[in-house]
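S.K.: Below you'll find the structure I mean.
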Amino acid sequence: MSKESGSSVYKAWEATVRKTQAARKRANSIFGISVDHADDDDHDHSSDESDCGPEDMIYNADRILPNGDYYTGHWCENFPHGQGKYLWTDGCMYVGEWFKGKTMGKGRFSWPSGATYEGEFKSGYMDGNGTYTGSNGDTYKGQWVMNLKHGHGTKNYSNGDWYEGEWRRGLQEGQGRYQWKDGNHYIGEWKNGVICGKGAFVWSNGNRYDGNWEDCVPKGNGTFRWPDGSLYVGNWSKDLSEQNGTYYPSQSSSDANLEWNPEDVYNVDLKNCIICPGDKVSILPSQKKLAVWRSAKGESVKPRRMSVDGRVSVGLDKPFDRMQMWDGSAHGGESPCNAGDHRASTVGGELDEDMMGLHVEDGNQRGLPMKVPKTARRQGETISRGHKNYELMLNLQLGIRHSVGRPGPSGSLDLKPSAFDPREKYWTRFPSEGSKYTPPHQSCEFKWKDYCPLVFRTLRKLFKVDQADYMLSICGNDALRELSSPGKSGSFFYLTNDDRYMIKTMKKAEVKVLIRMLSAYYNHVRAYENTLVTKFYGLHCVKLMGQPIQKKVRFIIMGNLFCSEYTIHRRFDLKGSSLGRTTDKPETEIDEMTILKDLDLNFIFRLQKTWFQDFCRQIDRDCEFLEQERIMDYSLLVGLHFRNISAAGDLIPSGAHTPTGDQESEGAPRLSRADMDQLLLDPSRWASIKLGLNMPARVEKTERKTDCEFQLVVDPTGEYYDVIMFFGIIDILQDYDISKKLEHAYKSIQYDATSISAVDPKQYSRRFRDFIYKVFAEETT
């Protein structure tokens, strides 16, 4: 900016200040408030000024804001910054530390109901160590993450119960102790707020149960002990057909124990041992918005000038139409004005020229914005009559209906080794005219094979798949869709009409690998419900009998990672290798269905702290499992939904102001900060967000230099975008067989051995993890 233009801005500002002195005095006498102006402030704010900016001014202010809110404390630019108190019109109040309009540091938040939180804040959230006292008298003292109890903490309930132990996303999870007011207590494992896992329950009369629990009741192996030394050992279940055990009396045991029934534990002993529910918070601190003044660029309205303390100048009518309610976090801690707003440097600090109606252009030009990938039509070709695979689809649907509809044994998750036996497979003949067990059909005669049916039935239960919904998705009136081209392996892919399930044809070698590792796979997904490896729901084979060559078609049914109400704008398949790891499509042909690869990646994925920790732990577990099973050539499939898109199709970076009307296309759901708060507030809605599924996150744009064409991880730019993320590990059925060993030997002669995909499973796992941990990072405040 030229010295002349800067001088004119400064003079105009001085004139504005002089003209509003009388109005300010009148306002002070009416409202009974005072303002310490920047040029009168003798306090030393050097430490705060370094946070607010080298040319920004921090001063004490008392304000009644246009919507009736009241603030007193340190102020910088257009934000509370430093120590201050903010009182909302609904009665909520925060007293403590601020950073650019966000509660940050130590503070106290109180609700009109009488509830209070005193402790640490980050970016508007209760985050760190703090104490919450509910309006009903419940108190929690411990660790918090994003408004939720997360970590170690103690909660004392108003009825006299208390819990001390681990918390996760607002609920008890991990090791903990719950004590009831009558003296009964439980010590052991928790999951999603209920007793689940191994633990011990001790009654006040001295009786004790040690063993497995599920949904707050004994389930599985356990031992019940009496104070006299007698004990009962067995398998526990509410289902009487599964309940069995042996009673071992002690030498001093009474005859009363002989008449004891294990059902008494469920019906009598645990009847009144109810865990107190979590308290409901009417509104979260991060949902409270601040009232500030700002200009609306591009509107043909009379410029409104503001005094240095943010008050509207004298004689300006209708001030409320210029007020915007904003959430400090939505702007990344920056001013609510656009990042491109120009400011004139003055002796006393910085002035917002737009607010003064004195906009001065400079020659700086922004870089071109990123565009949302062009929309593609729905994946796949519908398999209708006349399609070459129409009969195969009918056979598949008939077979699935037969397998799923057939009665199975009771649903215990403990399977015998015989269920995983490779010989555990059953053929069923489907003649066209029907049979005693199969319906008549219009297709040619075929045979249907089920591999390890009990295992996959149990897997579907483990993955919480409803049998009726599963059958309806695959075998309903809607046809399957065949993807336009087979994968690199030569397999064909089919999608159900509702996009929930993907069906992939398999080679015999892949079937053998899956059967070989099925027991380890089952134990792994059962032990880690957040596993990122592909979910398998069924393994089958169709043998066509009415053709000269009776070919067999083997296929696996899997979950579709990208089945979501959100549009997936970008897809990446990441392995950590560089040879051939770029898309073969020209830029003009890339759309939202295009699978991009390692060298196409132009983002770093940033996850919230606890999610990132969970992610790293799970990647380690999954990779160790695949390494033990001698699996390689797998990849992490990542999908991104960009939350902020302008009407012109530009991606709007985090913290940028979205002009009115510049919203995503109609029908595409968005997750605002308020929506995210509601998800955190209501545990019933958490089910939609899991590790790798519907995860709110941010991505940081990266740029590849011309001399770094084959560099996997490139330079970040500091430009962030809000996204919803989906990710999972796919292609986990390729073992390091002779063909891969030969491929490794051949390509190692021509290329760098570290750049090729076909390497030993141990080396592959190490390289994969090293790469993933570079492109995924923890979100910083």
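The values are calculated or read from the model by the stated rules, or taken from the named source; none is laboratory data. Remember, it's a predicted structure, so these values are computed and weren't measured experimentally. All Cβ positions, glycine included, derive from the backbone under ideal geometry; neighbour counts span all protein chains shown. All accessible areas refer to the heavy atoms of the entire protein, side chains included, with ligands and DNA or RNA removed. Shrake-Rupley method; radii C 1.70, N 1.55, O 1.52, S 1.80 Å.
S.K.: Name the long-range amide H neighbours of R570: under 5 Å, sequence gap of 5 or more, or other chain; modelled H, no Pro or chain starts.
M.R.: Amide H neighbours of R570: L640.
S.K.: How do S519, S635 stack up against each other in accessible area, from largest to smallest, with a 1.4 angstrom probe? List each step's numbers first, then the result.
M.R.: Values: S519 45, S635 0 Å².
The residues order as S519, S635, largest area first.
S.K.: Which value, in Å² and to the nearest 10, is the accessible area of H74 when all protein chains are kept and the probe is 1.4 Å?
M.R.: 30
S.K.: So, one more: Using the Cα centre as the reference, give the magnitude of the dipole from point charges on the C-beta atoms of region 169-250 (Lys, Arg: +1; Asp, Glu: -1; all else neutral), rounded to the nearest 20 debye.
M.R.: Charge dipole, region 169-250, about its Cα centre: 220 debye, nearest 20.
S.K.: For each pair in K449/K508; K106/K288; K280/K690, compute the distance between the two Cα atoms and list the pairs where it is over 20 Å.
M.R.: Values: K449/K508 13 Å; K106/K288 17 Å; K280/K690 22 Å.
Beyond 20 Å: K280/K690.
S.K.: Now, a different point. How large a share of the accessible area of region 58-158, in percent, is made up of carbon and sulfur atoms when the probe is 1.4 Å and the other protein chains stay in place?
M.R.: On the way: 1740 of 3490 Å².
Of all accessible area on region 58-158, carbon and sulfur atoms account for 50 percent.
S.K.: Using 29 Å as the Cα-Cα cut-off, could you pick out the over-long pairs in K155/K271; K504/K575; K100/K191? Walk me through the numbers before you get to the answer.
M.R.: Working: K155/K271 22 Å; K504/K575 21 Å; K100/K191 38 Å.
Check vs 29 Å cut-off fails for K100/K191.
S.K.: Nearest 0.05, what FRET efficiency do V233 and A520 give at R0 = 25 Å with Cβ-Cβ as r?
M.R.: That pair, V233 with A520, gives E of 0.25.
S.K.: Label S204 and D737 with points 7 Å out from Cα along Cα→Cβ: what is the distance between them in nm?
M.R.: Inter-label distance under the simple model: 6.6 nm.
S.K.: Mind giving me the FRET efficiency for N67 and K181? R0 is 41 Å, r the Cβ-Cβ distance, nearest 0.05 is fine.
M.R.: Numbers: r = 45 Å, r/R0 = 1.10.
About 0.35, to the nearest 0.05.
S.K.: Follow-up question, since we're still on this one. Amide H of A777: which non-local residues (sequence gap of 5 or more, or other chain) have their own amide H closer than 5 Å, using H built in the peptide plane?
M.R.: HN-HN under 5 Å from A777: F605, R606, L607.
S.K.: To the nearest 0.05, what FRET efficiency results for E703 and D620 with a Förster distance of 41 Å applied to their C-beta separation?
M.R.: Working: r = 30 Å, r/R0 = 0.73.
For E703 and D620, the calculated efficiency is 0.85.
S.K.: List, in order, the whole-Hz ³J(HN,Hα) value for each residue of region 154-170 obtained from phi through the Karplus relation with A = 6.51, B = -1.76, C = 1.60 and θ = phi - 60°; use x for Gly and Pro.
M.R.: My calculation for region 154-170 gives 10, 10, 10, 8, 5, 8, x, 6, 8, 9, 9, x, 8, 10, 8, 6, x Hz in order.
S.K.: Can I ask one more? Probe radius 1.4 Å, ligands and nucleic acids ignored: give me the carbon and sulfur share of the accessible area of region 382-560 as a rounded percent.
M.R.: Details: 4560 of 8820 Å².
Carbon and sulfur together cover 52 percent of it.
S.K.: I would also like to ask the following. Let me check against my output: what whole-number percent is the relative contact order of region 100-234, with C-alpha pairs under 8 Å and at least 6 apart? List each step's numbers first, then the result.
M.R.: On the way: 330 pairs, mean separation 13.9, N = 135.
Averaging sequence separation for qualifying contacts and normalising by length gives 10 percent for region 100-234.
S.K.: Ordering R63, R401 by accessible area with a probe of 1.4 Å, largest first, what comes out? If you can, show how the numbers build up before the last one.
M.R.: Working: R63 20, R401 100 Å².
Descending accessible area places them as R401, R63.
S.K.: Okay, next question. Which loop chymotrypsin sites (Phe, Trp or Tyr not before Pro) in region 430-464, with loop taken from DSSP, have no more than 10 other Cβ atoms within 10 angstrom of their Cβ? Display every interim value, and only then the final one.
M.R.: Working: sites: Y437, F446, W448, Y451, F456, F463; in loops: Y437, F463.
Qualifying residues, ordered by number: Y437.
S.K.: Can you order the peptides 149-160, 78-89 by their average number of other Cβ atoms within 10 Å per residue, highest first?
M.R.: Numbers: 149-160: 17.7, 78-89: 20.8.
Peptide ranking by packing, descending: 78-89, 149-160.
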